[in-house]
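Taken together, the values in this text are just the output of simple stated rules run on the coordinates, not laboratory data. Keep in mind it's a predicted model, so treat the numbers as computed, not measured. With ideal geometry, Cβ positions are generated from the backbone for all residues, glycine too; neighbour counts draw on all protein chains shown.
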Amino acid sequence: MVNNAGIAGNEGPFHEISIEKWQRTQDINLTGTFLGMKHVIPNMLDNGGGSIVNIPSIAGLTGGSGASSYTASKGAVRLLTKATAIDYSKNNIRVNSVHPGYIETPMTSL
């Protein structure tokens, strides 16, 4: 399974981020990854193993100016990946993350 969905945008100063914008980013970037793994792991357990690849972002390792909710969500995906890998390694389920750098797309040009 590959978890690659996510959103970003120009958030502006940290103290001006609305709770709604913060929560939307967490829901899509972090909770979406959680739900994907939650629902695929039982099938992997039944089948004797599997592989999950989560795609956070380099921002989950380094942070970034004007992107607090985005970098927080991507950092959380990174650590969720590590915790899940530890929990399920004994069940032959590999869980890894790939952290691509900045990629110019319509989403990043907002």
Worksheet, complete the sentence: Of the candidates Ser51, Ser69, Ser18, Ser65, the one satisfying the condition of being in contact with a Ser or Thr (Cβ under 7 Å, 6 or more places away or on another chain) and of a type outside the set (Val, Ile, Thr) is Ser69
Worksheet item: Are any residues in the range 29-48 surrounded by fewer than 14 Cβ atoms within 10 Å (Cβ to Cβ) and over 14 Å from the mean Cα position of the chain (by Cα), and if so, which ones?
Response: His39, Pro42, Asn43, Asp46, Asn47, Gly48
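Taking Pro106 as the residue in question, decide whether it is exposed (fewer than 13 other Cβ atoms within 10 Å of the Cβ) and not in a helix (DSSP H, G or I). Steps first, answer last, please.
Details: exposed (fewer than 13 other Cβ atoms within 10 Å of the Cβ): yes; not in a helix (DSSP H, G or I): yes.
Here the answer is yes, as Pro106 does meet what is asked.
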Response to the item:
Checked the range 35-89 for anything under 18 Å from Trp22 (Cβ atoms) and basic (Lys, Arg); matches are Lys74
Worksheet, complete the sentence: Expected single match for hydroxyl-bearing (Ser, Thr, Tyr) and surrounded by 15 or more Cβ atoms within 10 Å (Cβ to Cβ) among Ser51, Ser57, Ser65 is Ser57
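How many of the residues making up the range 9-28 are over 16 Å from the mean Cα position of the chain (by Cα) and under 14 Å from Gly66 (Cα atoms)?
So the answer is 10.
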Response to the item:
The number of residues in the range 69-95 that are closer than 13 Å to Thr33 by Cβ and not in a helix (DSSP H, G or I) is 1
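Hey, any hits in the range 29-47 for a residue that's part of a helix (DSSP H, G or I), of a type in the set (Gly, Ala, Ser) and either at negative phi or out of contact with any strand residue (DSSP E or B) (no Cβ under 7 Å at 6 or more places or on another chain) (or both)? Before you say what the answer is, go through the steps one by one.
Filtering the range 29-47 for residues part of a helix (DSSP H, G or I) gives 29-46.
From what's left, of a type in the set (Gly, Ala, Ser): 32, 36.
Filter once more, keeping what is either at negative phi or out of contact with any strand residue (DSSP E or B) (no Cβ under 7 Å at 6 or more places or on another chain) (or both): 32, 36.
Yes, the range 29-47 contains a residue that is part of a helix (DSSP H, G or I), of a type in the set (Gly, Ala, Ser) and either at negative phi or out of contact with any strand residue (DSSP E or B) (no Cβ under 7 Å at 6 or more places or on another chain) (or both).
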Worksheet item: What are the residues in the range 10-53 that are in contact with a Lys or Arg (Cβ under 8 Å, 6 or more places away or on another chain) and under 17 Å from Ser73 (Cβ atoms), if any?
Response: Glu11, Asn29
Discussion item. Can you pull out every residue in the range 68-96 that is among the hydroxyl-bearing types (Ser, Thr, Tyr) and either exposed (fewer than 15 other Cβ atoms within 10 Å of the Cβ) or under 8 Å from the mean Cα position of the chain (by Cα) (or both)?
Written reply: Ser73, Ser89
Worksheet, complete the sentence: When (1) in contact with a helix residue (DSSP H, G or I) (Cβ under 9 Å, 6 or more places away or on another chain); (2) in a helix (DSSP H, G or I); (3) within 15 Å of Val2 (Cα to Cα) are applied to Pro56, the one that fails is (2)
Worksheet entry | Count of residues meeting criterion [over 19 Å from Pro13 (Cβ atoms) and hydroxyl-bearing (Ser, Thr, Tyr)] in the range 63-102 | 6
Response to the item:
Exactly one of Gly60, Gly64, Gly75 is touching a Pro at 6+ places or on another chain (Cβ under 8 Å) and either among the basic types (Lys, Arg) or within 27 Å of Gly101 (Cβ to Cβ) (or both), and that residue is Gly75
